[in-house]
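Visitor: Please read through the structure below; I'll follow up with questions.
The values are calculated or read from the model by the stated rules, or taken from the named source; none is laboratory data. Computed from a prediction, not measured in an experiment: that's the story for all the values here. Using ideal geometry, Cβ is built from the backbone for each residue, glycine included, and neighbour counts are taken over all protein chains shown.
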Amino acid sequence: MKDLTDALYEFSDLFQRIGVPYVVMGGLAVRLYGLPRPTYDLDYTILLSRGQLPDLYDRAEELGYTVAPPYRAGWIDEVAGLPLVKFGLYVQGKIIDIDVFLAETDYQREVLARRRREEVEEHSVWVVSPEDLILLKALANPPRDRLDIGDVRFMQGNLDETYLRQWAGRLQIADRFEEIWRETAM
């Protein structure tokens, strides 16, 4: 029976096999850089054109993942202004969601350029940097993400504040970032 870790390995290996640069983000990255917490989905950013999505859908379906018909028909979702497509894996009546953001902005390409190789159990995957995890969480901004930012700050200690502030400004979230930064100060 597959689980979240299996999905992480399969999707990361799939991206590697087809030559698609990827980075793991979200709750799984928080587990690596902050305090462990439950997470029930996977979040990626990948460098892939929209025209190449049908091939990705085919390959994911071959591995047992589902792709909703609207995505197959060309629809692209959006979260915090960032384009994404979704995959699913049904396991014992529950679904594991895999959100895959398409790197179409300068910032997303920067996230990919700054990614780090990390060990998840005994598997090596590309993971977002702690600073970019903080920025992505600030961009999305639900209450859970603010707590995650505090956890990452606590566990990581020394972070590149110049980089954080520069990109917060470019992403037009400088005020929000400064508010969160004050709230999560140690």
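Visitor: Taking Ala80 and the conditions (1) surrounded by fewer than 18 Cβ atoms within 10 Å (Cβ to Cβ); (2) farther than 21 Å from Pro21 by Cα; (3) touching a helix residue (DSSP H, G or I) at 6+ places or on another chain (Cβ under 7 Å); (4) modelled with pLDDT of 95 or more, which numbered condition does it fall short on, given that it satisfies the others?
Guide: (4)
Visitor: Follow-up question, since we're still on this one. Evaluate the following for Ile76: is it more than 14 Å from the chain's Cα centre (by Cα) and hydrophobic (A, V, I, L, M, F, W, C)?
Guide: Here the answer is yes, as Ile76 does meet what is asked.
Visitor: Inside the stretch 160-182, can you point out the residues that are within 19 Å of the chain's Cα centre (by Cα) and either in a loop (DSSP other than H, G, I, E, B) or modelled with pLDDT under 95 (or both)?
Guide: Hits for the stretch 160-182 are Leu171, Ile173.
Visitor: Kindly establish whether Gly19 is touching a strand residue (DSSP E or B) at 6+ places or on another chain (Cβ under 8 Å) and assigned to a loop (DSSP other than H, G, I, E, B).
Guide: No; evaluated as a whole, the condition is false for this residue.
Visitor: Find the residue count for the stretch 1-16, including only residues that are part of a helix (DSSP H, G or I) and either touching a residue at least 24 places away in the same chain (Cβ under 8 Å) or hydroxyl-bearing (Ser, Thr, Tyr) (or both).
Guide: Number of matching residues: 10.
Visitor: Can you pull out the residues in the stretch 92-111 that are crowded, with 18+ Cβ neighbours inside 10 Å and of a type in the set (A, V, I, L, M, F, W, C)?
Guide: Ile96, Ile98, Val100, Phe101, Leu102, Ala103, Val111
Visitor: Keeping to the stretch 1-34, report how many residues are of a type outside the set (Gly, Ala, Ser), under 12 Å from the mean Cα position of the chain (by Cα) and closer than 23 Å to Val91 by Cβ.
Guide: Residues flagged as of a type outside the set (Gly, Ala, Ser), under 12 Å from the mean Cα position of the chain (by Cα) and closer than 23 Å to Val91 by Cβ within the stretch 1-34 amount to 6.
Visitor: Limited to the stretch 88-132, what total is found for residues that are closer than 22 Å to Tyr71 by Cβ and hydroxyl-bearing (Ser, Thr, Tyr)?
Guide: Number of matching residues: 2.
Visitor: Sticking with this one: Could you look through the stretch 141-159, keep only residues that are assigned to a loop (DSSP other than H, G, I, E, B) and under 13 Å from Pro130 (Cα atoms), and pick out the one that is modelled with the lowest pLDDT?
Guide: By that ranking, first place goes to Gly157.
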